[in-house]
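Shown next, in structure tokens, is the structure this report addresses.
The values are calculated or read from the model by the stated rules, or taken from the named source; none is laboratory data. Quantities reported herein were computed from a predicted structural model and do not represent experimental measurements. Every residue, glycine among them, receives a Cβ derived from its backbone with ideal geometry; neighbour counts consider all protein chains shown.
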Amino acid sequence: MAQQTRGIVIAGTQSGVGKTTITLGLIAALRRRGLAVQPFKVGPDFIDPGHHTRAAGRVCHNLDGWMLSKEDNLSLFSRHAGEADFTVVEGVMGLFDGYDGLSEAGSTAQMAKWLGLPVLLVVDARSMARSAAALVHGFATFDPDLSLAGVVFNRVGGAGHLQYLQQALGQLEGIKFLGGLPREGELAIPERHLGLFTAEDHPLEDSRLEHMAEMVEKHLDLDGLLASLPVLQIPQETPMAEEPHTVRLGVARDQAFCFYYQENLELLARYGAEIVPFSPLQDRELPQNLHGLYLGGGYPELSAAPLAANMGMKRSIARQAAAGLPIYAECGGLMYLSREIEDLEGRRHPMAGVLPLEVRMLPRLKALGYREVTLTAPGLLGPAGTRARGHEFHYSEIMDGTGGLATQYHITARQGQKTEAEGYGFNHVLASYVHLHFLSNPEVARHLVDKCREYRQARRK
């Protein structure tokens with residue numbers, strides 16, 4: 001039996017045009033009208049989903065045309081979209097930008113077509129008037145298979161500017177003008193070196209969300225948009241069987257460690273892990289009776305001083321690592337397990353010291369892009385030959401070699417780019433700069449839980 005919803009994909013002509021602002025304002029406005037809204041985010045980003053979750057009151061899920069198959073994306077969408085009155089999908093980068101310049105793989109346009117949803121195109125109107133129509137014309141005609149619901153402008157200079165934009169767009173047949181938001185600093189979420197502030201660092205207060213909703217209601221033709229959207233039939237998904245929780249998996253969750261794909265946590269729980277959140281910043285030691293640790297990414301460098309000062313937590317983790325506790329760490333988690341982090345001012349902050357590595361921050365981006373990982377040795381995530389896909393994005397690097405650590409990953413980036421050995425393994429610890437999406441190969445999650453069970457059983461003997 002199918003469920004029904006209506007939905008829209010929010011896309012931009014490029015990054016930085018205000019997709020997230022429009023998305024959050026639309027979610028808040030729809031909720032104010034009494035609608036249940038399910039948010040999604042296209043691409044590997046962790047930050048926007050945190051803000052979406054806060055605005056919608058429902059967990060945001062990542063969709064990705066490169067890390068995940070079409071079938072997995074559609075299944076994920078069906079599981080969650082059918083439970084809401086309205087679905088809002090925020091795109092990634094520009095509408096047609098994806099894995100490379102040759103195909104639509106990983107792009108917002110690809111995802112919109114897979115989901116059967118129309119696109120609301122966001123255009124930054126600064127320093128443009130009639131030229132905006134030429135830009136929109138190109139986007140509207142580039143892919144005839146894509147459905148464009150309409151266009152909204154952001155950072156409009158005033159009523160006269162908006163009139164010019166509307167006049168220009170009126171020359172394009174079949175393109176709906178749906179309004180424009182004015183330039184207003186309060187609408188934007190602050191940014192820093194890795195993008196927007198996270199929801200943990202910059203929580204969206206109710207008053208701010210209310211203001212964003214009012215701006216959308218006042219300046220955009222929300223009624224016209226809603227009236228134009230078709231009803232989407234969502235096939236009901238058969239609930240996936242869940243195994244009883246037989247192990248306790250500690251998951252670092254605080255301002256320093258907040259980058260997790262929701263599906264990773266759900267898969268781990270489905271295969272029998274009780275997710276036990278803890279804070280390396282606030283807690284003085286690990287929770288009791290853990291059978292494994294998952295240290296995700298985030299901004300440990302911005303909390304380096306308090307992380308370094310929390311001696312109790314560092315000793316607790318080092319003690320458990322020495323005892324053979326399975327520990328899986330990604331990016332920020334790798335940095336925390338190192339001996340120290342050197343910040344941009346040259347200050348050195350002692351970390352947990354589980355891995356014989358030292359990490360330093362750089363003023364420029366060190367690595368960015370999709371990655372495919374192949375295990376070269378059996379370990380926490382599976383036997384040799386296991387493959388999974390993920391994403392890498394960081395401003396830090398490992399200093400002065402890897403201290404003799406064995407590597408367990410063979411990492412492939414884009415076609416034609418060189419591959420490298422990574423994935424540092426040491427005494428049941430696996431750490432990498434790559435954020436893996438477990439749904440790209442669910443056996444990775446199953447194997448990690450199995451390793452936690454082996455530890456629990458060995459400890460009982």
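Got at least one residue in segment 341-358 being modelled with pLDDT of 95 or more, farther than 26 Å from LEU268 by Cα, in contact with a His (Cβ under 6 Å, 6 or more places away or on another chain) and in the same structural domain as ALA305 (by TED's automatic domain parsing)?
yes
Residue-by-condition table, conditions (1) over 19 Å from the mean Cα position of the chain (by Cα); (2) outside the structural domain of MET212 (by TED's automatic domain parsing); (3) in a strand (DSSP E or B):
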site: ARG31; (1), (2), (3): yes, no, no
site: GLN38; (1), (2), (3): no, no, yes
site: ARG58; (1), (2), (3): no, no, no
site: MET67; (1), (2), (3): no, no, no
site: ALA84; (1), (2), (3): yes, no, no
site: VAL89; (1), (2), (3): no, no, yes
site: ASP97; (1), (2), (3): no, no, no
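Condition check ((1) at pLDDT 95 or above; (2) within 29 Å of ASP48 (Cβ to Cβ); (3) hydroxyl-bearing (Ser, Thr, Tyr); (4) touching a Phe, Trp or Tyr at 6+ places or on another chain (Cβ under 7 Å)) across all residues:
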| residue | (1), (2), (3), (4) |
| --- | --- |
| PRO239 | no, yes, no, no |
| ALA269 | yes, yes, no, no |
| ALA273 | yes, yes, no, no |
| PRO280 | yes, yes, no, yes |
| ASN289 | yes, no, no, no |
| ALA321 | yes, no, no, no |
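Please enumerate the residues belonging to segment 125-182 that are polar (S, T, N, Q) and in a strand (DSSP E or B).
ASN154
Any residue at all in segment 437-445 that's in a helix (DSSP H, G or I), of a type in the set (S, T, N, Q), in contact with a helix residue (DSSP H, G or I) (Cβ under 9 Å, 6 or more places away or on another chain) and over 21 Å from LYS314 (Cα atoms)?
yes
Would you say LEU290 is assigned by TED's automatic domain parsing to the domain that holds GLY324, in a loop (DSSP other than H, G, I, E, B) and closer than 23 Å to CYS331 by Cβ?
Yes; evaluated as a whole, the condition is true for this residue.
Here are ARG126, ARG79: which of them is surrounded by fewer than 15 Cβ atoms within 10 Å (Cβ to Cβ) and either outside the structural domain of LEU63 (by TED's automatic domain parsing) or out of contact with any helix residue (DSSP H, G or I) (no Cβ under 9 Å at 6 or more places or on another chain) (or both)?
ARG126
Kindly provide the set of residues from segment 160-183 that are at pLDDT below 95 and out of contact with any helix residue (DSSP H, G or I) (no Cβ under 9 Å at 6 or more places or on another chain), ordered by number.
The answer is GLU173, ARG183.
Looking at segment 314-336, I want the residues that are farther than 11 Å from VAL354 by Cα and surrounded by fewer than 21 Cβ atoms within 10 Å (Cβ to Cβ) and have a partner that is aliphatic (A, V, I, L, M) and modelled with pLDDT under 95 with Cβ atoms under 8 Å, at least 6 apart or on another chain. Which pairs are those?
From residues that are farther than 11 Å from VAL354 by Cα and surrounded by fewer than 21 Cβ atoms within 10 Å (Cβ to Cβ), the pairs are GLY324/ALA458.
Residue under question is TYR409, and the condition is that it be surrounded by 14 or more Cβ atoms within 10 Å (Cβ to Cβ), under 20 Å from GLY333 (Cα atoms) and more than 22 Å from the chain's Cα centre (by Cα); does it hold?
Yes: the conditions hold for TYR409.
To keep it simple, each residue is scored yes or no on (1) of a type in the set (Val, Ile, Thr); (2) within 30 Å of MET311 (Cα to Cα); (3) assigned by TED's automatic domain parsing to the domain that holds MET313.
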position: ALA213; (1), (2), (3): no, no, no
position: VAL216; (1), (2), (3): yes, no, no
position: PHE259; (1), (2), (3): no, yes, yes
position: LEU268; (1), (2), (3): no, yes, yes
position: ILE275; (1), (2), (3): yes, yes, yes
position: ASP283; (1), (2), (3): no, yes, yes
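Could you please find all residues in segment 357-372 being surrounded by 15 or more Cβ atoms within 10 Å (Cβ to Cβ) and either at positive phi or over 25 Å from the mean Cα position of the chain (by Cα) (or both)?
LEU357, GLU358
Within segment 422-461, take every residue that is within 25 Å of the chain's Cα centre (by Cα) and of a type in the set (Gly, Ala, Ser) and give me the one that is surrounded by the fewest Cβ atoms within 10 Å (Cβ to Cβ).
Within segment 422-461, the match that is surrounded by the fewest Cβ atoms within 10 Å (Cβ to Cβ) is SER440.
Looking only at segment 297-313, which residues are touching a residue at least 24 places away in the same chain (Cβ under 8 Å), surrounded by fewer than 22 Cβ atoms within 10 Å (Cβ to Cβ) and of a type in the set (A, V, I, L, M)?
LEU302, ALA305, ALA308
Within segment 343-375, count every residue that is farther than 17 Å from HIS428 by Cβ and either of a type outside the set (A, V, I, L, M) or outside any strand (DSSP E or B) (or both).
Total satisfying the criteria: 21.
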